[in-house]
Amino acid sequence: MSIIAVATEPVINPASGHPGCCLCALHSRRLFTGLLAAGGAALLATPARAQQGLQADVGNTSSFTKLVSAEQIEAAAAQQYRQMLREAAAQRALAPKDHPQMVRLSAIAERIIPHALPWNPRARQWQWEVNLIGSAKVNAFCMPGGKIAFFYGILQRLQLNDDEVATIMGHEAAHALREHARERLGKTAATRIGAGLVSSLLGLGGLGDAALSMGGQLLTLQFSRSDETEADLVGMDLAARAGYDPAAGITLWQKMMAAGKGAPPQFLSTHPAGDTRIRDIQDKLPKAQPLFVQAAKPPRRFAPPVAGPTG
């Protein structure tokens, strides 16, 4: 991973004596869990509001998730996420907690995370984290258990505003909340072992072990088009409730497609985009916009990184 040097912002360098090493930053990031508990209690106190928005447009969780232990998948994700952070820190490419763009991501995450509970009760016990990696990659993801990562390149190259960042963060969090990785590993494990054994294994024993052995795929797992469509819907709902304009999904994917005319960014390889996707977002805006109108708005807005070459 390369270090991103920007004249107006500190270089991502946790080894420089800056109070932003991996261990120091983790203390503040654990606050997300308490925030989720407090925010979740408020949401659960207003069940009528939780039933609005786009929840009726999203189906039930796939039965394939039952074939794999959620605890196993989340533990594997946490292990890989921690390894990624160690590698980034070793290369001086892990953002300290007070890096301007890290502050930005944390502020947006703090607004989105409390709205996760209606989508997945397990989110209450997740140790949510968000980190910024100093890399020119145009990518972002959220692993099972609420492990979020953004790469500097997606913020800088696309010059994302806060609404667009919230759209990405909501979309990626939606993959974790809807347990798409667990579903994909369940399907793969069932296929490898044989459909005839699935009914007797019921997600235990050999099937669970096979899924766990595939845990190394979590950082590179690709989702289906239906997963992506579902994540778009859930992400719009999350962003709107957090006070970010869900219409930003349109400008976001326009920027993605423009960026893809040259060397397509990695984000496009795992997140199909196009006019059809934008139309789908437009079709659902009438349900998401009222949530945005009613939501408390962020008290502070942030600027994207200064545009320029990365390396």
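The values are calculated or read from the model by the stated rules, or taken from the named source; none is laboratory data. Remember, predicted model here, so these are calculated numbers, not experimental data. Neighbour counts are summed over all protein chains in view; Cβ atoms, including those assigned to glycine, are modelled from backbone coordinates with ideal geometry.
Worth a mention:
- Residue match in segment 160-182 (condition: surrounded by fewer than 22 Cβ atoms within 10 Å (Cβ to Cβ), more than 19 Å from Met236 (Cα to Cα), out of contact with any Asp or Glu (no Cβ under 6 Å at 6 or more places or on another chain) and not charged (D, E, K, R)): no
- Counted residues, segment 81-106 - those being among the basic types (Lys, Arg) and over 20 Å from the mean Cα position of the chain (by Cα): 1
- Restricting attention to segment 118-138, the residues that are under 20 Å from Gln79 (Cα atoms) and of a type in the set (A, V, I, L, M, F, W, C) add up to 6.
- Within segment 153-207, the set of residues being at pLDDT 50 or above and among the hydroxyl-bearing types (Ser, Thr, Tyr) comprises Thr167, Thr188, Thr191.
- Pairs linking a residue in segment 293-309 that is of a type in the set (Val, Ile, Thr) to a residue that is modelled with pLDDT of 95 or more and surrounded by 11 or more Cβ atoms within 10 Å (Cβ to Cβ), with Cβ atoms under 8 Å and 6 or more positions apart or on different chains, are Val306/Gln156.
- Where helices (runs of 4 or more DSSP H) fall entirely within segment 208-311, those with at least 1 residues that are modelled with pLDDT under 95 and farther than 27 Å from Ala93 by Cα are at 225-241, 248-259, 275-294.
- Subset tally (residues that are closer than 14 Å to Phe151 by Cα, in contact with a strand residue (DSSP E or B) (Cβ under 8 Å, 6 or more places away or on another chain) and not aliphatic (A, V, I, L, M)) for segment 79-99: 2
- Close Cβ contacts (under 7 Å, 6 or more residues apart or on different chains) running from residues in segment 245-266 that are of a type in the set (Phe, Trp, Tyr) to residues that are at pLDDT below 95 and not in a helix (DSSP H, G or I) comprise Trp253/Ala273.
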